[in-house]
Amino acid sequence: MKRLALILSITILTMPGLKAFAAPTGPGAPPEAGRYDAATLARLQDNRIEYDEIPKLVHEYNPDISKAWDTYMSSREDFAGVVTEMESQQQVVKELADQYVSLGQLTGSQLLVSTGRQLDKGYKGMIQGMRDTYNKWETNRQNTSAIRRAERQVVAGTQSAMIGYETIRQNIATLQTMVQLYERQTDMAGRMASLGLATGTDLASANSSLLAARSQLMSLENQQESVRRTLCMLLGYDPDSQPEICPIPEFDMSRLDGMNLEEDTRKAIGNNYTLISQRTSAKGNTNDQVVARSRMIDEGDQKLIIEMQRLYQEVQDKRAAYEAAQTGFAAAELSRDASERQYRLGLLSEAQYIGTQLAYYQKKAAKESANLNLLQAMENYDWGVLGFAAVSD
């Protein structure tokens with residue numbers, strides 16, 4: 001579980017140096033037969049990582065999570081086998097106990113009669129006790145809550161990593177185009193400077209923009225590879241393999257319609273793992289301990305209420321930023337279309353044309369980034385409702 005906590009602390013800026021899992025090529029072994037329909041199973045094994053598949057991919061192929069579930073299922077089956085074996089031996093023990101009772105009755109030995117009855121009663125009680133324990137294990141999810149919690153944490157971390165990867169990929173695509181435009185701009189500045197139509201400062205400025213874009217592009221490409229390897233490890237692929245990491249679809253704005261801060265906060269208080277631990281803690285043996293525990297629970301509830309308000313407001317802020325970015329991009333599209341017509345007609349200089357192109361791609365990148373920021377804020381809010389909102393100072 002310590003390794004799981006390490007995984008979740010990873011950010012896209014600190015990916016290098018992550019200790020590699022002994023992950024299989026693939027995603028690993030096939031899921032249990034009958035768990036998924038043919039179409040779902042095919043998607044999980046098609047060597048493509050899609051955002052909506054992350055929960056299933058983590059459950060089936062994350063090395064730590066799949067091992068934890070395998071260990072749990074094996075232990076459950078072993079326990080069930082012991083119960084079944086004891087039940088199969090019950091008749092043998094009953095016959096032995098009956099023999100004790102019969103022999104005691106024939107010989108007048110109350111000790112033998114008592115021994116036989118106690119043997120039968122004790123064995124029945126032992127079987128019933130084990131059966132009750134097993135049934136409780138089967139029906140009480142506390143036995144799997146730690147695994148489920150860890151799995152959800154890994155899912156949340158993997159979603160963030162994939163959002164980070166998509167952000168980097170979109171920025172790389174934008175920068176590649178902008179580098180080409182800056183190269184054209186630099187060449188043009190050089191030609192104009194040679195003709196005395198531009199100053200050395202103009203040429204230096206164009207070169208500076210080009211070098212900065214190239215440097216940023218190289219840095220992003222290094223980050224992209226680091227995040228790609230992390231995604232592979234989290235989802236059970238060999239980090240040296242090359243599964244296709246699919247683009248994340250546009251944010252579904254209808255998700256915002258399901259937000260209800262008051263109701264969601266009540267759910268978050270009931271689901272929050274820290275608060276559950278506080279509520280189930282020992283009540284204490286003194287009045288001071290009881291009061292301190294009650295105060296701790298109240299403070300925890302209040303902290304969570306504040307945190308949910310923050311997460312809710314973050315979604316609203318990211319929504320506003322996304323809508324503003326959409327508006328800016330729509331205006332940039334119109335400007336680009338107009339500039340292309342004017343450029344073809346000779347009504348716009350090359351310098352002016354390149355400027356409108358740069359502005360377009362900058363607005364495009366801003367819209368794409370705002371979309372992913374809104375998605376991440378929405379995921380953070382939903383995970384808060386499910387019990388993962390922070391309540392610490």
Where the centroid of each part is defined by its Cα atoms, how far is region 252-330 from region 355-393 in Å?
19 Å
By the mean-Cβ-within-10 Å protection proxy, highest first, 247-256, 227-236 rank as 227-236, 247-256
In Å and on Cα atoms, what radius of gyration and Dmax does region 225-351 show?
25.9, 88
Could you tell me the center-to-center distance, by alpha carbons, between region 158-207 and region 44-65 in angstrom?
37 Å
Most positive-pole-ward Cα, GLY346, GLN357, SER335, against dipole of region 305-389 from beta carbon charges
GLY346
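Where the only charges are on Cβ atoms (+1 Lys, Arg; -1 Asp, Glu), what is the dipole of region 253-393 about its Cα centre, to the nearest 20 debye?
Numbers: 17 positive and 20 negative charges, 31 e Å.
Its charge dipole is roughly 140 debye.
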Can you order the peptides 286-293, 160-167, 356-363 by their average number of other Cβ atoms within 10 Å per residue, highest first?
160-167, 356-363, 286-293
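Taking K and R as +1 and D and E as -1, what net charge do the other residues with C-beta under 12 Å from the C-beta of ALA325 add up to? Intermediate results must be reported in sequence, preceding the final value.
Values: positive: LYS318, ARG319, LYS363, LYS364, LYS367; negative: GLU323, GLU368.
Net of charged neighbours comes to +3.
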Over region 213-327, give the accessible area per residue in Å² for a 1.4 Å probe, as an integer.
57 Å²
I need the phi-derived Karplus couplings for region 297-305: 6.51 cos²θ - 1.76 cosθ + 1.60, θ = phi - 60°, integer Hz, Gly and Pro marked x.
5, 4, 5, x, 4, 5, 4, 5, 4
Quick one: what Rg and Dmax do you get for region 172-225 from the alpha carbons, in Å?
12.9, 44
Given points 7 Å out from each Cα along the Cα-Cβ axis, report the ARG191 to GLN316 separation in nanometres with one decimal.
5.3 nm
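Place the peptides 302-310, 41-49, 257-265, 376-384 in order of packing, highest mean first, counting for every residue the other Cβ atoms within 10 Å and averaging per peptide.
Values: 302-310: 16.6, 41-49: 15.0, 257-265: 13.4, 376-384: 20.2.
By packing density, highest mean first, the sequence is 376-384, 302-310, 41-49, 257-265.
The values are calculated or read from the model by the stated rules, or taken from the named source; none is laboratory data. Computed from a predicted structure; not experimentally measured. Note that we place each Cβ from the backbone using ideal geometry, even for glycine, and neighbour counts take in every protein chain shown. Surface areas here come from the heavy atoms of the whole protein model, side chains and all, with no ligands, DNA or RNA. Shrake-Rupley method; radii C 1.70, N 1.55, O 1.52, S 1.80 Å.
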